[in-house]
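Student: One structure follows; several queries about it will come next.
Where a number appears in this text, it was derived from the coordinates with a stated rule and is not lab data. All values reported here derive from a predicted model rather than from experimental measurement.
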């Protein structure tokens, strides 16, 4: 059985994130962080289909 992997793309800037999903991955209310635009989005994943629940306007804190 060959598993299909896909990188999760940022819904805001379209770049690759650090996360990958398989065809059997199911995520609910997953906080997806993009290292390039430094924003966080709430997503759901099922059958390699990504749905954006909420794109946050707030940026993450940095020290």
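Student: Work out, step by step, the length gained on full extension between residue 37 and residue 5: first 0.36 nm times the residue separation, then minus their alpha carbon distance; give nm to one decimal.
Tutor: My answer for the length gained is 9.2 nm.
Student: Calculate, in nm to one decimal, what residue 47 and residue 16 gain on full extension: separation in residues at 0.36 nm each, minus their alpha carbon distance.
Tutor: Details: separation 31, 0.36 × 31 = 11.16 nm, distance 1.87 nm.
Taking residue 47 through residue 16 to full extension adds about 9.3 nm, to one decimal.
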